[in-house]
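Peer 1: First the structure, which I've put down as C-alpha cells, then a few questions once you've had a look.
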C-alpha cells in the first residue's frame, strides 16, 4: 500500500484530484485482474469489493 499512497501524494503535487486518480487506479486494476484471471473472476472480485465497501470496510472514519 505504500506504493499506492506515494502515487497519490505525487499525483496531488501535480494537481491531480484524488477521486480522479482513484477511479483511474480502479480501472487499471480491473484491466490487470481481467488479464490475469479472466472476466468472470475479475467480476467476482469486484462484486466482493462492492460488498465490502457497502459494509463500510473502506470508510476513513472507521479506520480512526
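Peer 1: Can you list residue pairs whose Cβ atoms sit under 8 Å apart, with the first residue in the range 46-59 being surrounded by 10 or more Cβ atoms within 10 Å (Cβ to Cβ) and the second being assigned to a helix (DSSP H, G or I)? Count only pairs 6 or more apart in sequence or on different chains.
Peer 2: Every condition considered, the pairs that remain are 46/30; 46/33; 58/52.
Peer 1: Any residue in the range 7-21 that is exposed (fewer than 10 other Cβ atoms within 10 Å of the Cβ), under 12 Å from the mean Cα position of the chain (by Cα), part of a helix (DSSP H, G or I) and on the phi < 0 side of the Ramachandran plot?
Peer 2: Yes, some residue in the range 7-21 is exposed (fewer than 10 other Cβ atoms within 10 Å of the Cβ), under 12 Å from the mean Cα position of the chain (by Cα), part of a helix (DSSP H, G or I) and on the phi < 0 side of the Ramachandran plot.
Peer 1: Inspect the range 43-54 for any residue being out of contact with any helix residue (DSSP H, G or I) (no Cβ under 9 Å at 6 or more places or on another chain), assigned to a helix (DSSP H, G or I) and at pLDDT below 95 and give the result as yes or no.
Peer 2: No, the range 43-54 contains no residue that is out of contact with any helix residue (DSSP H, G or I) (no Cβ under 9 Å at 6 or more places or on another chain), assigned to a helix (DSSP H, G or I) and at pLDDT below 95.
The values are calculated or read from the model by the stated rules, or taken from the named source; none is laboratory data. Worth saying up front: this structure is predicted, and the values here are computed from it rather than measured. A quick note on method: Cβ atoms are made from the backbone with ideal geometry, for glycine too, and the neighbour counts reach across all protein chains shown.
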